[in-house]
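Asks: First, the structure itself, so that you have it in front of you.
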Amino acid sequence: MVDSRIGRVELRIPNRPEWVAVARLTISAVANRLPFSVEDIEDLKLAIAEACTTVIQAGEGEGTIDIVCETDLNELRIHVRDTRPGSADVFQERSEASGIEGLGVFLIQALMDEVRHTADPRAGTELVMIKRVGS
Amino acid sequence: MDIKVNVRESSDDAYVVELGGEIDVYTSPKVKDAITELIDQGHYNLVINLEKVRYIDSTGLGVLIGGLKRVREHGGSVNLVCTNPQIKKIFDITGLVKIFGIFDDEVGAQKALA
């Protein structure tokens, strides 16, 4: 029998500011499946919002943000993908930026246990964030 | 998702911007408009009360930083009222505690402006 904590949730939202709250609420609900503290869940909500905001602010034109949450026994992995082909690795650009522009990615890195990003000219840009229970 | 913005004059040419709700990429333009309007009117000493704010992200922080930069050009200041531990934590992580005066109540924030 599969442990009830193990699961996968997929969400696709328009890359517009008014939809970021939906991503936050979804992550909060998924994180509640694991024994995260209230503070950890607030960190996760902020991290997903910063990831979505980074994509929105960098993007040109309409598109979607694909979010995949994978829960394991003691960790939550969140994939955030800008699906527009040919999109630059905005997460890399922002991690190198100073001042206000780099604040969002800086917060993600500070609040999550593991962060990595990839850019594929065909598949788009993806950010993976991992938060472990009790870390 | 909501943001409430209430602007009022306090004393000694200081203005209080009381915010409530969530400040993110969607709602922060409304906060920016309120702060910009005050500065454009020549009010450079501001208290921004975040006591009723449940959530703030980097776009909200950017609006506060932008406001602070503008008032400082005119010799003014921005003090914050913040009691929410999660929001205080964000100011800590980002180092903004060193840039803003952060107080537990409006009285203290206003006194420090003088």
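Asks: Can you give the mean number of other chain Cβ atoms that lie within 10 Å of the Cβ atoms in peptide B:69-81?
Replies: Rounded to a whole number, the mean comes out at 0.
Asks: Let's test this: bin the Cα-Cα distances of chain B at 10 Å from zero up to the farthest pair and state each bin's percent.
Replies: Pair shares across the bins are 15, 54, 30, 1.
Asks: With the contact rule set at Cα under 8 Å and sequence spacing of 6 or more, what percent relative contact order holds for chain A?
Replies: Computed over chain A, the figure is 27 percent.
Asks: Kirkwood hydrodynamic radius for chain A: how many Å is it when counted over pairs of different Cα atoms?
Replies: The Cα-based Kirkwood calculation yields 14.9 Å.
Asks: Restricting to DSSP loop positions (anything but H, G, I, E, B) with no more than 10 other Cβ atoms inside 10 Å of their own Cβ, which GluC sites (Glu not before Pro) remain in the stretch B:1-85?
Replies: B:73
Asks: Please report, for the Cα atoms of the protein assembly as shown, the Rg to one decimal and the Dmax as a whole number; what are they, in angstrom?
Replies: 19.1, 68
Asks: List the residues whose amide H sits under 5 Å from the amide H of residue B:10, counting only those 5 or more places along or on another chain, with H placed 1.01 Å from N in the peptide plane.
Replies: Here B:15, B:16 satisfy the definition.
Asks: From the backbone phi of the stretch A:65-75, what are the Karplus-calculated ³J(HN,Hα) couplings (6.51 cos²θ - 1.76 cosθ + 1.60, θ = phi - 60°) in whole Hz, Gly and Pro given as x?
Replies: Using θ = phi - 60°, the values come out as 10, 9, 10, 10, 10, 10, 9, 10, 4, 9, 8 Hz.
Asks: Which of the helices in chain A meet the span-like rule: DSSP H, Cα axial reach of 20 Å or more, Kyte-Doolittle mean at least -1.0?
Replies: Helices meeting the criterion: A:38-58.
Asks: Something else: On a 29 Å Cα-Cα criterion, which of the cross-link pairs B:30/B:88; A:131/B:32; A:45/B:111; B:4/B:98; B:88/B:111 come out too long?
Replies: A:131/B:32; A:45/B:111
Asks: Semi-axes of the equivalent ellipsoid of the stretch A:81-135: what are they in whole Å, largest first, if each equals the square root of 5 times a C-alpha gyration tensor eigenvalue?
Replies: Equivalent ellipsoid of the stretch A:81-135: 21, 16, 6 Å, largest first.
Asks: Could I ask something else about it? Averaged across B:55-65, how many Cβ atoms of other chains sit within 10 Å of each residue's Cβ atom? Provide the component values of the computation, followed by the final result.
Replies: Values: counts 6, 1, 12, 16, 10, 0, 4, 5, 1, 0, 3.
For this peptide, the per-residue mean of nearby foreign Cβ atoms is 5.
Asks: Determine the relative contact order of chain B: mean sequence separation of Cα pairs under 8 Å and six or more apart, normalised by residue count, in whole percent.
Replies: On the way: 192 pairs, mean separation 27.8, N = 114.
Normalised by residue count, the contact order of chain B is 24 percent.
Asks: In addition: Loop-only check: which GluC sites (Glu not before Pro) in the stretch A:4-90 are DSSP coil with at most 16 other Cβ within 10 angstrom?
Replies: Qualifying residues, ordered by number: A:60, A:62.
Quick note: the coordinates plus some simple rules give every number you see, no bench work behind them. Bear in mind the structure is a predicted one, so any value in this text is a computation, not a measurement. Note: ideal-geometry Cβ built from the backbone for every residue, glycine included; neighbour counts use all protein chains shown.
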